[in-house]
Amino acid sequence: MPRLPPFALAAPGKRRNHGLYLFLFFLFFAAPLFAIHLPILDLPFFWDEQGQFIPTALDIFRHGWWIAHSTIPNVHPPGVEAYLALWYKAFGFAIPITRVAMLVVAGAGLLATFLLAIELSRGTRGAPAFLPPLLLLASPLFFTQSMMAQLDMPAMVFTLLALLLFLKRQYALSALASIVLVLLKETGIVAPFVFFLILAFQKRWRRAALFVLPAIALLAWLVVLHRATGYWLGNPGFAHYNVEYSLNPVRMALSFARRIYYLFFAEFRWIGTIAILYAARRFGAFRDAAWRVTIAVAALTVVLVSVLGGAELERYLLPVLPIFYTAVAVSFTFLRRWIAIGATTALAAGLVVSFFWNPPYPFPYENNLAMVDFVRLEQAAAGFAQRNLQNRIIATAWPLSGALKDPDYGYVQHPLKVIEAHDFHPSTIRALPHDRYDALITYTRTWAPDEGVVAIPVVRWFLIRYYDWQPEITPEDCWALGLTEAASWQRHGLQTTIYIRREVP
């Protein structure tokens, strides 16, 4: 086995320059991460950033409000927003400051992935621990989430850290990392729950009791939230969408299928899945205690985020993705060298291609560079509106409606007058009183290309039946409502169009 850094092999009492090694490896992984994000460090905020996390962070920064006032509060603990508020206190509020703050977290995630991979690849040949962070760097989802002010990247970092410390039998530190984890994202309770069960099964009750503390911390947050809002999950709409709505058996089954597909097959990850199955069946890989604990954390995380969460976003899988890539890296050590090199190259190439290729089925734009296209189109529409519709009332749907009303999000210099529609369904727009708005801005809110799977009749029936899907308003519908196209922009299959009422000069 090749020589690994001293912090990986030396006994705790003999580790020298531990911090220096960690810092150097952090720079080794963070430098390329920052480099590939430099062109978009000023990218305005996207969707849930402006819907929840930036308003909450600014409430903490500007007013010291731990329960959101500028947006509707929900169950998510304010750990990430508090972290951002510290950056704003130090450097002032700005979009690039936010992006840099989150990239620091993502850099720590690459380091944590590397350290965990060292722990899980002991006894294998080569140096497979370098591959998982490199595959993360090539992953579109990791790229987008690295810079976004959302919960899932910090949750990934502290899930990996808590798991690593547990495997190293540093239980008190693991419990501390778990407390931070659940105060970043409530679904992080999975990791300390697994640790508690393992130690309780071994009847190591004192150490097991340490992992009750994260549950107490999360419960304390829920009590504070309930006292402030009257709801345990912050608001009834959030509870309905993320619990009641998602617990429908059909939606739950599809959510689980989506999780399995994305994790094991999408973006050429099927190459890694084949290698994992081969290594497990042929060589009995992943049977030791460390891997059993790791697989338990990963599996329960997948189950939990499949059962809860109405949006069914792939970013919920971020804590599991490094574990998958670590298993892939270990599996490749069982292959012939030329096969391993070919498989690694093909997998990395497939990941890179997925930055630019949009699948033929609906997907969250934040999964790849479609997010950048979406934001750039919003910027174009906002710029036109600021120049030409300053004194007009604009109808549009979230998140553009929020972007036009609040300069903090990076789209406008001054708030515009906006009436918000729930969506762009023809019935929704027809229901808006014609005399209440002068312009309508539509955009591709859901990815559903004409040649994609949504065009298949049975798929449309399924989406209508279980997800209330409807086609979006057409230019002909807008003309019938007295609206004329004034401007339109397109980027890689996405489109934004501005219509102006014909009687408005």
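The values are calculated or read from the model by the stated rules, or taken from the named source; none is laboratory data. As the structure is a prediction and not an experimental result, all values here were calculated from the model. Counting neighbours? That spans all protein chains shown, and the Cβs are built from the backbone with ideal geometry, glycine included.
Yes or no: Ala403 assigned to a helix (DSSP H, G or I) and either under 24 Å from the mean Cα position of the chain (by Cα) or not small (Gly, Ala, Ser) (or both)?
yes
Among the candidates Pro77, Pro133, single out the residue that is crowded, with 23+ Cβ neighbours inside 10 Å, within 19 Å of the chain's Cα centre (by Cα) and outside any helix (DSSP H, G or I).
Result of the check over Pro77, Pro133: Pro77.
From Val297, Val302, Val224, grab the single residue that is modelled with pLDDT of 95 or more and touching a Lys or Arg at 6+ places or on another chain (Cβ under 6 Å).
Of Val297, Val302, Val224, the one residue that is modelled with pLDDT of 95 or more and touching a Lys or Arg at 6+ places or on another chain (Cβ under 6 Å) is Val302.
Pick out, from segment 259-338, the helices (runs of 4 or more DSSP H) lying fully within it that include 2 or more residues that are without any contact (Cβ under 8 Å) to a residue 24 or more places away in the chain and closer than 25 Å to Phe355 by Cβ.
Where helices (runs of 4 or more DSSP H) fall fully within segment 259-338 and carry at least 2 residues being without any contact (Cβ under 8 Å) to a residue 24 or more places away in the chain and closer than 25 Å to Phe355 by Cβ, they are 270-283.
Looking at segment 356-377, is at least one residue under 30 Å from Pro128 (Cα atoms) and among the aromatic types (Phe, Trp, Tyr)?
Scanning segment 356-377 turns up at least one residue that is under 30 Å from Pro128 (Cα atoms) and among the aromatic types (Phe, Trp, Tyr).
So Ala149 fits all but one of (1) part of a helix (DSSP H, G or I); (2) buried (at least 22 other Cβ atoms within 10 Å of the Cβ); (3) of a type outside the set (Ser, Thr, Tyr); what number is the exception?
(1)
Just to be sure, is Ser174 surrounded by 14 or more Cβ atoms within 10 Å (Cβ to Cβ), among the hydroxyl-bearing types (Ser, Thr, Tyr) and under 17 Å from Gly79 (Cα atoms)?
No, not satisfied.
When only residues in segment 441-472 that are among the acidic types (Asp, Glu) and surrounded by fewer than 16 Cβ atoms within 10 Å (Cβ to Cβ) count, which is nearest to Pro399 (Cα to Cα)? Walk me through it before giving the result.
As a first pass, look at segment 441-472 and keep what is among the acidic types (Asp, Glu): 450-451, 468, 472.
Then drop every residue that is not surrounded by fewer than 16 Cβ atoms within 10 Å (Cβ to Cβ), which leaves 450-451, 468.
Working: Asp450: 24, Glu451: 26, Asp468: 19 Å.
Among those residues, the one meeting the criterion is Asp468.
So Asp438 ticks every box in (1) over 30 Å from Pro44 (Cα atoms); (2) surrounded by 15 or more Cβ atoms within 10 Å (Cβ to Cβ) but one. Which box is left unticked?
With respect to (1) over 30 Å from Pro44 (Cα atoms); (2) surrounded by 15 or more Cβ atoms within 10 Å (Cβ to Cβ), Asp438 is out only on (1).
May I ask you to say which residue of Asn242, Asn235 is touching a Ser or Thr at 6+ places or on another chain (Cβ under 8 Å) and within 16 Å of Pro73 (Cα to Cα)? Lay out the reasoning, then the answer.
Values: Asn242 fails: touching a Ser or Thr at 6+ places or on another chain (Cβ under 8 Å).
Sole residue among the options that is touching a Ser or Thr at 6+ places or on another chain (Cβ under 8 Å) and within 16 Å of Pro73 (Cα to Cα): Asn235.
Starting from segment 179-194, take each residue that is in contact (Cβ under 8 Å) with a residue 12 or more places away in the chain and list its partners that are of a type in the set (Asp, Glu), counting only C-beta distances under 9 angstrom and pairs at least six apart or across chains.
Cβ pairs passing all conditions: Lys185/Asp152.
Only residues that are touching a residue at least 40 places away in the same chain (Cβ under 8 Å), out of contact with any Asp or Glu (no Cβ under 9 Å at 6 or more places or on another chain) and under 27 Å from Thr56 (Cβ atoms): list them for segment 387-428, please.
Asp406, Asp408
Taking the criterion of being free of Cβ contacts under 8 Å to residues at least 12 places away in the same chain, exposed (fewer than 14 other Cβ atoms within 10 Å of the Cβ) and not in a helix (DSSP H, G or I), would at least one residue in segment 234-256 satisfy it?
For segment 234-256, residues free of Cβ contacts under 8 Å to residues at least 12 places away in the same chain, exposed (fewer than 14 other Cβ atoms within 10 Å of the Cβ) and not in a helix (DSSP H, G or I): absent.
Being outside any loop (DSSP other than H, G, I, E, B) and either surrounded by fewer than 19 Cβ atoms within 10 Å (Cβ to Cβ) or in contact with a strand residue (DSSP E or B) (Cβ under 8 Å, 6 or more places away or on another chain) (or both) is the filter here; which residues of segment 344-364 pass it? Steps first, please.
Residues of segment 344-364 that are outside any loop (DSSP other than H, G, I, E, B), as a first pass: 344-353.
Listed by number, the residues that qualify are Thr345, Ala346, Ala348, Ala349, Gly350, Val352, Val353.
Specify which of the listed residues (Trp270, Trp291) is crowded, with 17+ Cβ neighbours inside 10 Å, under 26 Å from the mean Cα position of the chain (by Cα) and of a type in the set (Phe, Trp, Tyr).
Going through Trp270, Trp291 in turn, the sole match is Trp291.
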